[in-house]
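Right, one structure below, let's go through it.
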Amino acid sequence: MNTKELDAKYIAHTYGRFPLEIVSGKGSLVYDETGKEYIDLGTGIAVNTFGVSDDEWVAAVTAQLGKLQHMSNLYYTEPCARLAQLLCEKSGMKKIFFGNSGAEANEGIIKAARKYAAEKKGPEWYTIITLKNSFHGRTLTTLAATGQDKFHQLFNPLTPGFESAAANDLEGIKKLALEKKAAGILIECVQGEGGVIALDADFVKGIEAFCREQDIAFMVDEVQTGNGRSGQYYAYQTFGVLPDAVSTAKGLGGGLPIGAVMLGEKLQDVLGPGDHGSTFGGNPAVCAGAVNILSRIDEKLLEGVRKKSAYIFGALEGAKGIESVSGLGLMIGIKTAKPAGEVVKACMEKGVLCITAKDKVRLLPALNIPDELLKKAVDVIKEVCA
Ligand SMILES: *Cc1c(COP(=O)(O)O)cnc(C)c1O
């Protein structure tokens, strides 16, 4: 049996896959089983920060694999300590806990917020307020946090203690938070899966101020927006706020699974011995790769991200068959006159891989995609949309 036949027979059918088997790649180019070349604007959903099989990252991971691949968190290992330092320096957070995915990172910040509130105000202050149209993961708790009913059906009961508020309605979210005795408010600065929609800056700033005033944990999900994708190290820096807790994952590992619970000043010491743990969390090989990725995300790279972003907006806004362009940095949603699925399919045929987010075409290119490849891909998108 070939790969597609094996998949049909042995893999649970949770994914609607494109009819492509990707076998290899280099940077922003990938190749299918027939050898056809594609410009990849999806990066494994914002994971391959510097594209596929990036030389420096491969060297960092393989050097570590030759020394020590895993040991458990019962011992100190250097790569995770170095990575925690880099994350704190770039984010303004104070302490890091490592897990393996975005959902787990969100579970971690939720646990931190609940424990802080239980100790400070009492155990009835447990509710986590999230936003409608959000996405926070697929575990039963992060599904409860996800403010989209279509993900909930047939999996009830979900973890209790979650409420969702309308985005950009500051008075509404404040009222709900007090009424429900909120431990924390959790937002994505740019709703990724929800259609690449940035929140209003005043709303984000208003939540920060309200959380400070009420001693409620202000939490930002940077699983997709983080690690340079937004054009800043973390998207909240664009909005001029500093959360009490941040989750990140996707692009942090450059292609290997990692999630980070990042705790700010207020929550930094709330999780103590025995409160949380992970077998694989802080894995030395994954962390050595992530150290390489994060150390290359600097002011110069971020400026490049913002320039590439401006180029995409400039080229697509107002183009024939394109109704609007949204997002931040290299996280872009395109509302097309043709159905998004059709556009993605036609782009694929012409050698460009994009994905969708709700009814939009979504672009998440590598942060270092060469300008000429980006231009070639954008020209294909324009041609397909027209
Ligand atoms: C992808 C994503 C998650 C879930 O991450 P996993 O690694 O798939 O668990 C959570 N939040 C946001 C904003 C995401 O984009």
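The values are calculated or read from the model by the stated rules, or taken from the named source; none is laboratory data. Since we're looking at a predicted model, the values are computed, not measured. Cβ atoms come from the backbone with ideal geometry, glycine included; neighbour counts cover every protein chain shown.
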Selection status of C354, crowded, with 24+ Cβ neighbours inside 10 Å, closer than 13 Å to L41 by Cβ and either of a type in the set (V, I, T) or touching a Cys at 6+ places or on another chain (Cβ under 8 Å) (or both) = yes
Given (1) surrounded by 19 or more Cβ atoms within 10 Å (Cβ to Cβ); (2) hydrophobic (A, V, I, L, M, F, W, C); (3) out of contact with any Ser or Thr (no Cβ under 7 Å at 6 or more places or on another chain), number of the condition V344 does not satisfy = (3)
Could you tell me which of the residues A167, A183 is touching a Leu at 6+ places or on another chain (Cβ under 9 Å), more than 12 Å from the ligand (Cβ to nearest atom), closer than 21 Å to S247 by Cβ and modelled with pLDDT of 95 or more?
-> A167
Looking at (1) surrounded by 14 or more Cβ atoms within 10 Å (Cβ to Cβ); (2) outside the structural domain of Y234 (by TED's automatic domain parsing); (3) within 16 Å of the ligand (Cβ to nearest atom), find the lone condition where L20 falls short.
-> (3)
Inside the range 351-386, the number of residues satisfying the requirement of being in contact with a Leu (Cβ under 9 Å, 6 or more places away or on another chain) and small (G, A, S) is 2
Selection from the range 302-318 of residues within 20 Å of the chain's Cα centre (by Cα) and of a type in the set (G, A, S) yields G304, S309
Can you pull out the residues in the range 92-114 that are of a type in the set (D, E, K, R) and within 15 Å of the chain's Cα centre (by Cα)?
-> E104, E107
Go through V220, V196 for me and flag whichever is more than 30 Å from W125 (Cβ to Cβ), in the same structural domain as V61 (by TED's automatic domain parsing) and crowded, with 24+ Cβ neighbours inside 10 Å.
-> V196
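Here is a yes/no grid of residues against (1) closer than 18 Å to N100 by Cβ; (2) touching a Lys or Arg at 6+ places or on another chain (Cβ under 6 Å); (3) buried (at least 23 other Cβ atoms within 10 Å of the Cβ):
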{"position": "D244", "(1), (2), (3)": "no, yes, yes"}
{"position": "I258", "(1), (2), (3)": "yes, no, yes"}
{"position": "N283", "(1), (2), (3)": "yes, no, yes"}
{"position": "L294", "(1), (2), (3)": "yes, no, yes"}
{"position": "D298", "(1), (2), (3)": "no, no, no"}
{"position": "R306", "(1), (2), (3)": "no, no, no"}
Could you give every pair whose Cβ atoms fall below 8 Å, whose first residue belongs to the range 132-157 and is more than 15 Å from the ligand (Cβ to nearest atom), and whose second residue is in a loop (DSSP other than H, G, I, E, B), counting only separations of at least 6 or pairs across chains?
-> H152/T146; H152/L158
Of all the residues that make up the range 201-240, how many are touching a residue at least 40 places away in the same chain (Cβ under 8 Å) and over 28 Å from E303 (Cα atoms)?
-> 4
Note on the range 147-164: residues over 21 Å from the mean Cα position of the chain (by Cα) and either modelled with pLDDT under 95 or in a loop (DSSP other than H, G, I, E, B) (or both) are Q153, L154, F155, N156, P157, L158, T159, P160, G161
Determine whether F313 is within 16 Å of the ligand (Cβ to nearest atom) and either on the phi > 0 side of the Ramachandran plot or not basic (K, R) (or both).
-> no
